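Input: a single structure, listed below in structure tokens.
The values are calculated or read from the model by the stated rules, or taken from the named source; none is laboratory data. A quick note: this is a predicted structure, and the numbers were derived from the prediction, not measured. Please note: Cβ atoms are built from the backbone with ideal geometry, for glycine as well, and neighbour counts cover all protein chains shown.
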Amino acid sequence: GSCFSEVGMSGLRQLVSLNFEVCATYGTIVHELLHVLGLWHEQSRADRDRYVRVVWNNVVPRFKANFMKTNRVPYLNEDYDYESIMHYFFNAFSKDPEQATLVPRSRGIELFNLGLAFKENRMTKVDIHKLNTIYRCPVDT
């Protein structure tokens, strides 16, 4: 079993897979529901190479597609959000969990900050702002 969803509404029905044994955490459930609402993985942004380096040699081959970039991310005017609930951990899909698959290019960002909001069961301010942007919601000041 696995955890996944299409990004954005993909028709009259939306498949969201939340295998209870693997996905029964707040972070995973919110992450997948944010895909449904239109959010992509942060490291899928077309400009991601300015912010993180993918260590392709450490990625399990069948998961390399998970690290591909897309031009379909509609909120590139937002700052890159290392801590986003939508960001993979530093060792996501690694052949060796001790080795990184994603390395921040900024010296001020620690490996363990990648996806920190996911681990802390919260959304970042940037995650929330992206949703407000996609759905044209007024932002309270």
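Listing for the model above:
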| quantity | calculated |
| --- | --- |
| Number of the exception - R48 against (1) crowded, with 16+ Cβ neighbours inside 10 Å; (2) out of contact with any Ser or Thr (no Cβ under 6 Å at 6 or more places or on another chain); (3) at pLDDT below 90; (4) within 27 Å of Q99 (Cβ to Cβ) | (3) |
| Pairs with Cβ under 7 Å, 6+ apart, first in the stretch 18-29 and more than 20 Å from E120 (Cβ to Cβ) and at pLDDT below 70, second polar (S, T, N, Q) and not in a helix (DSSP H, G or I) | N19/S2 |
| Among residues of the stretch 110-123, those that are in a loop (DSSP other than H, G, I, E, B) and buried (at least 17 other Cβ atoms within 10 Å of the Cβ), counted | 3 |
| Number of positions in the stretch 72-107 that are polar (S, T, N, Q), within 20 Å of G8 (Cβ to Cβ) and within 15 Å of the chain's Cα centre (by Cα) | 1 |
| Qualifying residue in the stretch 125-135 (condition: in a loop (DSSP other than H, G, I, E, B) and of a type outside the set (F, W, Y)) | no |
| Cross-chain or 6+ apart pairs with Cβ under 7 Å, the stretch 71-100 first and touching a residue at least 40 places away in the same chain (Cβ under 8 Å) and buried (at least 18 other Cβ atoms within 10 Å of the Cβ), then assigned to a loop (DSSP other than H, G, I, E, B) and of a type in the set (V, I, T) | D81/T124; Y82/I109; E83/T124; S84/T124; I85/T124; A100/V55 |
| Those residues of the stretch 28-43 which are more than 9 Å from the chain's Cα centre (by Cα) and either outside any helix (DSSP H, G or I) or surrounded by fewer than 16 Cβ atoms within 10 Å (Cβ to Cβ) (or both), in sequence order | I29, L33, L37, G38 |
| Odd one out for V73, checked against (1) within 14 Å of L131 (Cα to Cα); (2) part of a helix (DSSP H, G or I) | (2) |
